[in-house]
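Engineer: Pasting a structure below so you can have a look.
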Amino acid sequence: MSTPVLELTGAGLAFGSRTVWSGLDLVVEAGEFVTVLGPNGSGKTSLLRVVLGQLPLSVGRIAVLGHPPRRGSRAVGYVPQQRHVETPVRARDLVRLGIDGDRWGPGRHARRAQVDELLAAVGASEYADVPVGMLSGGEQQRVRIAQALASGPAILLCDEPLLSLDLRRQHEVTELIDATRRATGAAVLFVTHEVNPVLPYTDRVLYLGPAGHAAGAPDDVLTSERLTALYGAPIDVVRVQGRVLVVGDDGHIHHSREDE
């Protein structure tokens, strides 16, 4: 059997006296798309930081391709939270940084063909020589995905990549990430609050809640019974006008998805 891309066993994370999550068991295989959901403060981004080797577990075990995670591993690609960046650096130079690290200099370590291939793969060729600061949010996110793919990672970590994007751009970015994992075989761990654009591509959901966590097929996890247990408070999962809504007892809509 092949080694899982990511494996957490009895994993727990705490900051001082506050336990973020505990008893987490998760195995992610090559090519899987795992969507990570949960309210603010549930430790979704912290989970990515653990996989990146930036945070140690408080208890339990984690392995990336059978080894402890480490900072700067080329086996792990990372797409950070969407935010507009003002920089004169060209799109192609940002992608080249994902290949060459911090080794800059005119004509040095420039793998132009590889950069061009990555930009073409994410549909960003037409603005390859445009300063990143002049690109729209959706265009910048395409460049970030190309940069994250530059090392040929086995797992792609996406931290709220849909924030601040309109609905059309959200669907475009999600479709791009899904197409990429299908083409490369990379696993995807996708943290989001924007459930609707993501679930059509999701193999499994990891839901981190205030009172625990659950992992499984979307239709098994996103139920009134399961989410009520995870929140420790009444949660309703209902279908309204072709959409599935997750609603708290205060009437607040937590997540939604379109029916397939």
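Engineer: Does Ala128 meet the test of being modelled with pLDDT of 90 or more, in contact with a helix residue (DSSP H, G or I) (Cβ under 7 Å, 6 or more places away or on another chain), surrounded by 12 or more Cβ atoms within 10 Å (Cβ to Cβ) and within 16 Å of Val79 (Cβ to Cβ)?
Structural biologist: No: the conditions fail for Ala128.
Engineer: Follow-up question, since we're still on this one. How many residues are more than 18 Å from Ala186 (Cα to Cα) and part of a strand (DSSP E or B) if we restrict to segment 9-44?
Structural biologist: 16
Engineer: Right, next: Within segment 59-80, count every residue that is small (Gly, Ala, Ser), closer than 30 Å to Ser17 by Cβ and without any contact (Cβ under 8 Å) to a residue 40 or more places away in the chain.
Structural biologist: Of the residues in that region, 0 qualify.
Engineer: Are any of the residues in segment 45-62 among the charged types (D, E, K, R), touching a Gly at 6+ places or on another chain (Cβ under 9 Å) and either modelled with pLDDT of 95 or more or not in a loop (DSSP other than H, G, I, E, B) (or both)?
Structural biologist: Within segment 45-62, one or more residues are among the charged types (D, E, K, R), touching a Gly at 6+ places or on another chain (Cβ under 9 Å) and either modelled with pLDDT of 95 or more or not in a loop (DSSP other than H, G, I, E, B) (or both).
Engineer: Shifting gears a bit: Are any of the residues in segment 6-26 surrounded by fewer than 19 Cβ atoms within 10 Å (Cβ to Cβ) and closer than 19 Å to Pro161 by Cβ?
Structural biologist: Looking through segment 6-26, none of the residues is surrounded by fewer than 19 Cβ atoms within 10 Å (Cβ to Cβ) and closer than 19 Å to Pro161 by Cβ.
Engineer: Please return the ranges of strands (runs of 3 or more DSSP E) entirely within segment 138-245 where 3 or more residues are over 14 Å from the mean Cα position of the chain (by Cα).
Structural biologist: 212-216, 235-240
Engineer: Follow-up question, since we're still on this one. What do you reckon, is Thr3 under 20 Å from Gln141 (Cα atoms), in a loop (DSSP other than H, G, I, E, B) and over 17 Å from the mean Cα position of the chain (by Cα)?
Structural biologist: no
Engineer: Cβ-Cβ distance below 9 Å, separation of 6 or more or different chains: which pairs start in segment 171-187 with a residue that is within 16 Å of Val5 (Cα to Cα) and end on one that is part of a helix (DSSP H, G or I)?
Structural biologist: Once the first residue is within 16 Å of Val5 (Cα to Cα) and sits in segment 171-187, its partners that are part of a helix (DSSP H, G or I) give Arg181/Tyr201; Thr184/Leu149; Ala186/Leu149; Ala186/Thr180; Ala187/Arg181.
Engineer: Name every residue in segment 71-82 that is of a type in the set (D, E, K, R) and loosely packed, with under 12 Cβ neighbours inside 10 Å, in order of residue number. Walk me through how you get there before you give the answer.
Structural biologist: First, the residues of segment 71-82 that are of a type in the set (D, E, K, R): 71, 74.
Scanning segment 71-82 gives a single hit, Arg71.
Engineer: Could you list, in sequence order, all residues of segment 42-69 that are surrounded by 17 or more Cβ atoms within 10 Å (Cβ to Cβ) and at positive phi?
Structural biologist: Within segment 42-69, Gly43, Leu65 qualify.
The values are calculated or read from the model by the stated rules, or taken from the named source; none is laboratory data. The shown structure was predicted, so the numbers you read here are calculated from the model rather than taken from an experiment. All Cβ positions, glycine included, derive from the backbone under ideal geometry; neighbour counts span all protein chains shown.
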